[in-house]
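Enquirer: First the structure, then my questions, so here it is.
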Amino acid sequence: MGLSEFFLPERLPRQVVFAGDRHAETVSLRTGRISGRTLTPSTALSGNDGDWTAVAESLRPEETGVVFNAAPFIYNFFEFDKLPWQRQALHELVAWRLQKIFPEDIAAYDHRFFALDRQRVLSILVPRALLENTERQFQARGIPLTYIGNSTMEILARVRRAKPSPDFILERDSDSCTVVFQNRRLPFYIRKFKSGSATDTAGEIGKTVAFVRNQYGSEPRRYCIHDHQGEAAAVETALTGGEFVRLDAGLGTAPHIPGSQ
């Protein structure tokens, strides 16, 4: 089983908005290639009552996708002795496990899960209010919203094609960081954290790698990075001289945009 088929829409939108921590990025796509990009300062798009007025001014009335950064999403990995082959039985099993560990009202979240192999499942939660507000904002402006995605998962799908494959992927957006560890091109641990500088980020990466090494018996060394603010070089410098090796994973300039080349 794989992940890529879950992370791309059946039909790619003509334009995509990335909702980041402190800015929105509107990308125009033509035959899979980026034909234009617009940056709009914004801090409220990932909130349940986010105002899309300023961003909407740069949008055309055509099929549009929205990709949020990792901030509003909650990730969990579940492992079972064996996954049932029937979808309904699998859904009930995953829901039962989620209810045992999740302290909030699950009904307030949209829940998606993906079977990684015959035993493991990746569960992803996002507030329903965020999705509903985003849909209302676009509907009110007559802009067809055909896809809502997650930047971390988009990047992970892109990395799955990389040779050699990195041991972990770091996504950074202002002071928000998400690190995804993978084995045989499938994720097994995700951590989100806040970091004020490249040096702080490198320190947190070191701590997280030590945890993964102790808990999972993995030896993460090779990594790739995408910084939405263009500061990947600073993080790489902070990690240089240690045990880590940055890979050119062929991410391109916009790995968070579905279908872009």
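The numbers here are math on the coordinates, done by the rules we state, and not lab data. Everything numeric in this text was worked out from a predicted model, so none of it was measured. Positions of Cβ are backbone-derived with ideal geometry, glycine not excepted, and every protein chain shown enters the neighbour counts.
Enquirer: Between Gln15, Gln139, Gln182, find the one with the highest GNM mean-square fluctuation for the chain; connect C-alpha pairs within less than 10 Å.
Expert: Comparing Gln15, Gln139, Gln182 in a Gaussian network model of the chain, the most mobile one is Gln139.
Enquirer: So what are the three principal axis dimensions of the stretch 197-260 from its Cα atoms, in whole Å, longest to shortest?
Expert: Between the extreme Cα coordinates on each principal axis of the stretch 197-260 lie 37, 24, 16 Å.
Enquirer: Also, quick follow-up: What value in Å³ per residue do you get for the convex hull of the alpha-carbon atoms in the stretch 153-246? Before the final figure, lay out each step's value.
Expert: Details: hull volume 8.3 nm³, N = 94.
Measuring per residue, one finds 88 Å³ for the Cα hull of the stretch 153-246.
Enquirer: While we're here: Rounded to the nearest 500 deg cm²/dmol, what is the calculated helix-only ellipticity per residue at 222 nm for the chain, with -39500 (n - 2.57) per DSSP H run of length n ≥ 4?
Expert: Numbers: 7 runs with 72 residues, N = 261.
Dividing the helical sum by the residues of the chain leaves -8000 deg cm²/dmol.
Enquirer: Looking at the calculated P(r) for the chain, what percent of the C-alpha pair distances fall above 31 Å? Walk me through the numbers on the way to the answer.
Expert: On the way: 8720 of 33930 pairs.
The calculated P(r) of the chain puts 26 percent of pairs beyond 31 Å.
Enquirer: Using θ = phi - 60° and the Karplus relation 6.51 cos²θ - 1.76 cosθ + 1.60, list the HN-Hα couplings for the stretch 231-238 in order, rounded to whole Hz, with x at every Gly or Pro.
Expert: With the stated coefficients, the stretch 231-238 comes to 10, 4, 4, 5, 5, 4, 4, 5 Hz.
Enquirer: Something else about it: Net charge around His256, counting only other residues with Cβ within less than 10 Å of its Cβ (Lys, Arg = +1; Asp, Glu = -1)? Write down the numbers at each step before the final one.
Expert: On the way: positive: Arg158; negative: Glu25, Glu154, Glu171, Asp173.
Net charge in that neighbourhood comes out at -3.
Enquirer: Moving on to the next point. Calculate the dipole size of the stretch 1-160 relative to its Cα centre from +1 charges on Lys and Arg beta carbons and -1 charges on Asp and Glu beta carbons; express the result in debye to the nearest 20. Numbers along the way, then the final one.
Expert: Values: 19 positive and 19 negative charges, 108 e Å.
Value, rounded to 20: 520 debye.
Enquirer: Enumerate the calculated ³J(HN,Hα) couplings along the stretch 91-101 in order (Karplus 6.51 cos²θ - 1.76 cosθ + 1.60, θ = phi - 60°), each rounded to whole Hz, writing x wherever the residue is Gly or Pro.
Expert: Each residue of the stretch 91-101 in turn: 4, 5, 5, 5, 4, 4, 5, 5, 4, 6, 10 Hz.
Enquirer: Report the net charge of residues surrounding Arg22, where surrounding means a beta-carbon distance below 12 angstrom and charges are Lys +1, Arg +1, Asp -1, Glu -1.
Expert: Values: positive: none; negative: Asp21, Glu25, Asp173, Asp175.
Charge balance near Arg22 sits at -4.
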